Amino acid sequence: MPRAVLCLNVGSSSLKFAAYDAAAAGRPRLFGGKVEGLGGALRLLAHDAAGALVEDRKTGDAGQADAALRLVFDWMASRAEPVDLVGVGHRVVHGGGRYVDPVVVDDAVLAELERFDALAPLHQPYNLAAIRAVTGLHPALPQVACFDTAFHHTIAPVAARLPLPRAWHDRGVRRYGFHGLSYAYLARTLAGGTHGAVGRRVLAAHLGSGASLCAMVDGASLDTTMGFTALDGLMMGTRPGSLDPGVVLYLQAAGMAPAELEDLLYRRSGLLGVSGISADMRVLEASAAPEAREAIDLFVWRTVREAGGLVAAMGGLDTLVFTAGIGENSPGVRAAICERLAYAGVRLDPLANREQRESLHADDSRVKILRIPTDEERMIADETLARLAPEGAGEGA
Ligand code: AMP
C-alpha cells in the first residue's frame, strides 16, 4: 500500500484534494479532485494520476466540510489500491505575524489560528473546519497547516507597514500578503532552471477568482498587492481590490451594517458587481453585453496600475509570469495587460499567446513572459512532508 500525503484546500463552496506518494522519488501525484456544493448537496469528482475522471458521486443531503471529507475518505477507502496516509496538509490562508513555517496542528495552534477568522472570512473558517473534520474522522493522523501568508515574510519592512498610528501595527494591523503557496511554487519552478535565466526581478501575476501580484527579487517576495486581508490590491471575481477607505465610511454612515459590508466587499463586487452578469471571466469574455466588457477592461486597468507600482518597487522588470485560472487560460486578458506594459519592455508573441505556450515573449521583448500553471497542492505536499519528516525534505519535484 503506497504511503501518501493528502493535501486539502477548502473554501466556502468547494474542497479540493490531492494525494501524493510520500515515498517514491519525485513524489508523484496519485489522485486528486474536488467536492463541490458545500452548504448544499455535495458532488465528488475524482481524477486519477493521469487526470482521467474516475468518480462522480453525488449526495442527496446538504453537507459542510465534515460531510465532504467523509465523502473523500469513503471514496479513498473504496479505491482498488487504498493508500496509507502519513499525514494531511492543509492550505491555511492566514498565519498572522506568528506562523511562517508549516506547523503541526494541535488544539493550541487551532485556537491561535481561529483568531484570524475575521481577517479572511471567505477562507480561514473553512480551512479550520476541515482540520477539525479530519480530527473527528482520524484523530491520530498528523495534520500540518501550510500558510498562504508565509512566502511574504520577506517583504520589505516599508511594504509591511500601513500608515496608521504605530500602536495598530504593533497589534498586528499590517500588510501580510496572500497566495503565498502559489508564489512559492512559481519561485521554486523558476529556480529549477527549466525556463532558463529569468533575471533578478520577477513580477508574478496570480489571476484567478482571487487575484494578486507579487514582486519577487532573487526569488523572494519584496512586495505584493494583497495586504492585511485578501481584499486589497487587484480587482477580483467578487472582491473590489483596493478601495478608497472613504467609500467604506460612506456606506457605513448610509446605514450599511458590518455583515452587509462584508458581503458587499467579499461576495458582490469585482467582476460580478461591475458586470452584473458573472464573476467568471469565461462568461464575461463570451458575453456581448457592454457591462461585461467594462468589467474586463477595469480588471485589466487595475492590474496594470498595480503592476506599475511593483515594477517601480523592484526598479525594473526582467520576467513576467502569468498563473491561475485567468492567467493560465485567457489569451485576451494576457494580451491586454502586456499591451499596456509595453513601456516596461514587455512584448508578447501573439501566436504563442493564442496557443497557450509556456514562453510567451516576442523575440525582441526585453522582458521574458512565461505562463506557468500553478500547483498549490504540490507545494502543500512538499511542505507537509518536510515538516513531518525533515530528513526527507527536498525530495519533491
Ligand atoms: P482559479 O481561482 O485559479 O481556479 O480561477 C478561476 C477563474 O479562472 C474562473 O472564475 C474563471 O474566471 C477563470 N478561467 C478559467 N478558465 C478560463 C478560461 N479558459 N478563460 C478565461 N478565464 C478562465
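A few notes on this one:
- Residues in region 329-374 that are of a type in the set (Lys, Arg), within 20 Å of Ala211 (Cβ to Cβ) and open to solvent by less than 50 Å² (accessible area, probe 1.4 Å): 2 in all.
- Answer residue from region 15-46, given it is over 22 Å from the mean Cα position of the chain (by Cα) and among the small types (Gly, Ala, Ser) and is nearest to Asp375 (Cα to Cα) among those: Gly26
- Selection status of Gly316, over 21 Å from Leu186 (Cα atoms), away from the ligand (no atom under 12 Å from the Cβ) and surrounded by 13 or more Cβ atoms within 10 Å (Cβ to Cβ): no
- Summed over region 36-56, the residues that are outside any strand (DSSP E or B) and exposed (fewer than 15 other Cβ atoms within 10 Å of the Cβ) give a count of 6.
- Of the helices (runs of 4 or more DSSP H) entirely within region 197-312, those holding at least 1 residues that are within 13 Å of the ligand (Cβ to nearest atom) and open to solvent by less than 70 Å² (accessible area, probe 1.4 Å) occupy 270-275, 281-286.
- Positions within region 322-371 being closer than 23 Å to Arg188 by Cβ, away from the ligand (no atom under 13 Å from the Cβ) and out of contact with any Gly (no Cβ under 8 Å at 6 or more places or on another chain), in sequence order: Arg357, Glu358, Ser359, Leu360, His361, Ile369, Leu370
- Residue check, Ser182 away from the ligand (no atom under 16 Å from the Cβ) and buried (at least 19 other Cβ atoms within 10 Å of the Cβ): no
- Leu6 part of a strand (DSSP E or B) and surrounded by fewer than 19 Cβ atoms within 10 Å (Cβ to Cβ): no
- Among the residues of region 58-67, those that are open to solvent by less than 70 Å² (accessible area, probe 1.4 Å), without any contact (Cβ under 8 Å) to a residue 60 or more places away in the chain and not in a loop (DSSP other than H, G, I, E, B) comprise Thr59, Ala67.
- Evaluation of Ser12 against (1) within 20 Å of the chain's Cα centre (by Cα); (2) assigned to a strand (DSSP E or B) (one fails), failing number: (2)
- Single condition Thr374 does not satisfy, out of (1) within 16 Å of the ligand (Cβ to nearest atom); (2) in a helix (DSSP H, G or I); (3) among the polar types (S, T, N, Q): (2)
The values are calculated or read from the model by the stated rules, or taken from the named source; none is laboratory data. Note that the structure is a prediction, hence the values are computed from the model and not measured. All Cβ positions, even for glycine, are placed from backbone atoms using ideal geometry, and neighbour counts span all protein chains on display. Accessible surface is based on the protein model in full, side chains and every heavy atom, while ligands, DNA and RNA are left aside. Shrake-Rupley method; radii C 1.70, N 1.55, O 1.52, S 1.80 Å.
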